[in-house]
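Take a look at the structure below.
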Amino acid sequence: MNWNIYIWLILLGSITGALVYFKKGMPVFLRAFPVYLLTTFIIEFIGGWRSDKGLTTVSLYNVFTTIEFVFYFWMLRYMINNRFAKKVLLHSLWLYPILVTLNKLFLQKGPQFHTITFSIGGFLIVMATITYFFELFQLNKPVNLTREPPFWICSGLLFFYACTFPVYALINFFQDPSNIIIKNIAFVFAIVNILLYSSFIIASLCRIRIRKSFS
């Protein structure tokens, strides 16, 4: 199994999140986050196993990335206050899966990744995270960002999707990309995945209080 390191970061993020977010008083979206990460790890594990066997993983990731976007839309609704943005995210919960289905039925048919709707979902997440940071800068009271899980989560999401959705949008213009292009894109995605899941781990670790003992 020559899998990328980010797969194990996903598992680590799920474990650290479970240790911190399952405590009483935590928001519902943070309680659900470790469960989502564990599900992501299982999917990536299955995807890696299928790749080792020479089996296709396109359908698997078409379905899971759709669920992934819906989860992020739901989670981001809890992090922002802008009514228009919250309404857009709310309607995206049911509209986005429909767009993916229509895309696969009429545009990107057959065994290919849904790059068009992935780009749309990535754009929505980038806009939502920008809204979060805009609201953050508008606060009248000081906030210790290093201890705010939403800050780290949104930072990771913003960086990841700001890097990936333009790439997927560009791929739509290539009928048959060369192996060199595919390998370079895979390398970039591996790097941004490491940064994404590292930020998720920091999001949970930042809530751990370290007690200092003095002799």
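Listed values, structure above:
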| item | result |
| --- | --- |
| Which numbered condition residue 147 fails, given (1) open to solvent by 50 Å² or more (accessible area, probe 1.4 Å); (2) free of Cβ contacts under 8 Å to residues at least 60 places away in the same chain | (2) |
| Options 63, 35, 28; residue that is within 27 Å of residue 183 (Cβ to Cβ), modelled with pLDDT of 90 or more, open to solvent by 40 Å² or more (accessible area, probe 1.4 Å) and not charged (D, E, K, R) | 63 |
| Selection count, the stretch 38-60, where residues are of a type in the set (Ser, Thr, Tyr), assigned to a helix (DSSP H, G or I) and surrounded by fewer than 14 Cβ atoms within 10 Å (Cβ to Cβ) | 1 |
| Residue match in the stretch 3-23 (condition: modelled with pLDDT under 90, more than 21 Å from residue 149 (Cβ to Cβ) and of a type in the set (Ser, Thr, Tyr)) | no |
| Filter result (of a type in the set (Lys, Arg) and more than 26 Å from residue 108 (Cα to Cα)) within the stretch 16-59 | 23, 24, 31 |
| Of residues in the stretch 104-137 being of a type in the set (S, T, N, Q) and open to solvent by 30 Å² or more (accessible area, probe 1.4 Å), the one nearest to residue 189 (Cα to Cα) | 112 |
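The values are calculated or read from the model by the stated rules, or taken from the named source; none is laboratory data. Computed from a predicted model, the values in this text were never measured in an experiment. Reconstructed Cβ throughout: ideal geometry from the backbone, glycine too, with neighbour counts over all protein chains shown. Ligands, DNA and RNA are stripped out before the accessible areas are found, and what is left, the full protein with its side chains, is counted by its heavy atoms. Shrake-Rupley method; radii C 1.70, N 1.55, O 1.52, S 1.80 Å.
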